[in-house]
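Asker: Can you keep this structure in mind? I'll have questions shortly.
Quick note: the coordinates plus some simple rules give every number you see, no bench work behind them. The structure displayed is predicted, hence computed values, not measured ones. Glycine also receives a Cβ, built like all others from the backbone with ideal geometry; neighbour counts cover every protein chain displayed.
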Amino acid sequence: MPTRRPSLGRPEKIRKERNAADPRRRRALPHFGGSRGAPGAAVLGTAPADASAVQGGPPRGPEDEHATAVRGVSAGAHRRLPDLPGSGGGPAEHQFLRVGGYSVAWVPPLVLLAAIAVVDWKTSGEFRTISWVVLVPGIAAAICGLWTTIGVAVLAVLTYELEDNAWPHQFRTGVPDFILVVVGSGLAVLACAVRLRGERRMLHMQDIADTTRRTVLRPMPAGWGGIEHAAAYLAADSVARVGGDFYDIQPGPRGTRVLLGDVQGKGLDAVAAASALLGTFREAGYHEPLLATVAERLETRMRRHVRYGAEIGRDDDDRFATAVLVGFPQTGAGCVEVINFGHEPPLVVTPDGVRSLPIGERLPLGLAGLTGGPAPALRLPLADEETLLLFTDGVSEARDAAGEFFPLRDTLAHALARDPRIAEPGRLVRFVRDSTLRHCGGHLGDDTTIFALRRRAADGG
């Protein structure tokens, strides 16, 4: 019998209304590192980590697509999961039920219903299969929208009634099976309504997570502060999709300051601490003339945040954050100032090789009271064509199946020997991201951030 294409469910209407109200959601964004089906993206789909957020300068050609500004599921632009056919929104596993953009989710239930009716008609009266139509509404409830499920349920009941009454009286299945089909169809409709309600809740939670992510990890324009940059963020928490890693660039009258860090712990408490530190960095990084003063402001903010958490009953007494604070002076091209708060030492990547910056002598943010006083900022050489690679321990502590840590520096050295262009920020971030995921099989044990920076050639430092 002819069927009608199911109307859009409420989740789809909600999504369209939100997209219409916010032009940013309608903007088409390129994908970092190639197509959606690239190996890196496939690994992300299986990892506990959610997905990467990448930001960088605009591409200079097809080869540099990865250097363009992209904010994926993990920070920035709102990228929804594909909609469920006929349901108005849901996970991507049912995308195969769309053909040419149209839902064909109604086809499997109807095919099964027809098959059951044909088999029942062809068999003898001693082996009746018509009561199996109770399975059809259940299948529709799993893959179709509410109105489609109701239509399939009504069709199943009518098919049962017509088919059963076509047999002689002695071969009919009778009232008990009819009640079974009616009750099963009603339960299938109820299950479909519960499923769609859960999907609406999931979309709402995704909106909350995306808003939180945009607040903590704000999008940065290409060439922000005279710095060519690219970043990838992978959250280990696949539910919250945002964690304790943080990074930012803050231009100011006395140069550009960069901060990357990792708050101890996971969950919303770590996100709150990261947000507090970033807020302080954005203000102090702009106003304070000395990088050391910015560092002291960050230390004070971390201790205040811990005290506040203790006052409201949070278990934050041992909360701290490792971080790297970098200053690109307004004058003095060819050097940077670095203050390391117990973080992974940054790497300097050039077409000729890789070298590490000094570790530094400061303790993590929040633990400065354990030492006699702050260590000064280190002034280190960094040529304009050299790329500074900052990363969190999600990279250095990624393990393979044998428990071996990811050898980042050696891997980069071998890659640069094959292709010196990997030293470019966009290429570098993509390479490190994909190599890390490949090493750990897509199973990240911690939030992972990769941040590559170098001065824009046009700015001359």
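Asker: Any chance you could get the radius of gyration and Dmax over the Cα atoms of region 181-336, in Å?
Answerer: Cα only, region 181-336: 21.2, 81 Å (Rg, Dmax).
Asker: Using the number of other C-beta atoms within 10 angstrom as an exposure proxy, rank Trp167, Trp106 with the fewest first. The partial results should precede the final answer.
Answerer: Details: Trp167 15, Trp106 23.
Placing the least packed residue first, the sequence is Trp167, Trp106.
Asker: Turning to a different aspect of this structure: Once amide H atoms are placed 1.01 Å from N in the peptide plane, what residues at a sequence separation of 5 or more from Gly255, or on another chain, have their amide H within under 5 Å of its amide H?
Answerer: For Gly255, the qualifying residues are Gln330.
Asker: How would Met205, Met220, Met302 line up from fewest to most surrounding beta-carbon atoms within 10 angstrom? Intermediate results must be reported in sequence, preceding the final value.
Answerer: On the way: Met205 13, Met220 21, Met302 26.
Going from sparsest to densest Cβ surroundings: Met205, Met220, Met302.
Asker: Which whole-Hz ³J(HN,Hα) couplings does region 451-457 yield from phi under the Karplus relation 6.51 cos²θ - 1.76 cosθ + 1.60, θ = phi - 60°, glycine and proline marked x?
Answerer: Calculated HN-Hα couplings, in order: 9, 10, 9, 7, 5, 6, 4 Hz.
Asker: Please compute the length gained on full extension between Arg418 and Asp384, using 0.36 nm multiplied by the number of residues separating them and subtracting their Cα-Cα distance. Please list the in-between numbers first.
Answerer: Values: separation 34, 0.36 × 34 = 12.24 nm, distance 2.22 nm.
Extra length from Arg418 to Asp384 when fully extended: 10.0 nm.
Asker: Additional query: Using modelled backbone amide H atoms (1.01 Å from N, in-plane), which distant-in-sequence or interchain residues come within less than 5 Å of Val104's amide H?
Answerer: Under 5 Å from the amide H of Val104 lie the amide H atoms of Arg98, Val99, each far enough along the sequence or on another chain.
Asker: With θ set to phi - 60°, apply the Karplus curve 6.51 cos²θ - 1.76 cosθ + 1.60 along region 411-418 and write out the HN-Hα couplings as whole Hz, x wherever there is a Gly or Pro.
Answerer: Values per residue, Gly and Pro as x: 5, 5, 4, 5, 5, 5, 5, 7 Hz.
Asker: Express the Stokes-Einstein translational diffusion coefficient of region 262-388 in µm² s⁻¹, to the nearest whole number, given a Kirkwood radius over alpha-carbon pairs, 25 °C and a viscosity of 0.890 mPa s.
Answerer: 157 µm²/s
Asker: Amide H of Asp245 versus every other amide H placed in the peptide plane: which residues, excluding those fewer than 5 positions away on the same chain, fall under 5 Å?
Answerer: Val263
Asker: Step through the residues of region 180-192 one at a time and calculate ³J(HN,Hα) from phi using the Karplus curve (6.51 cos²θ - 1.76 cosθ + 1.60, θ = phi - 60°), rounding each to whole Hz and writing x for Gly and Pro.
Answerer: Taking θ as phi minus 60°, the curve returns 4, 5, 5, 5, x, 5, x, 5, 5, 4, 5, 4, 5 Hz for region 180-192.
Asker: Of Leu298, Leu380, how do they rank once you tally other Cβ atoms within 10 Å and put the fewest first? Don't skip to the end; give the middle numbers.
Answerer: Numbers: Leu298 27, Leu380 15.
The order, fewest Cβ neighbours first, is Leu380, Leu298.
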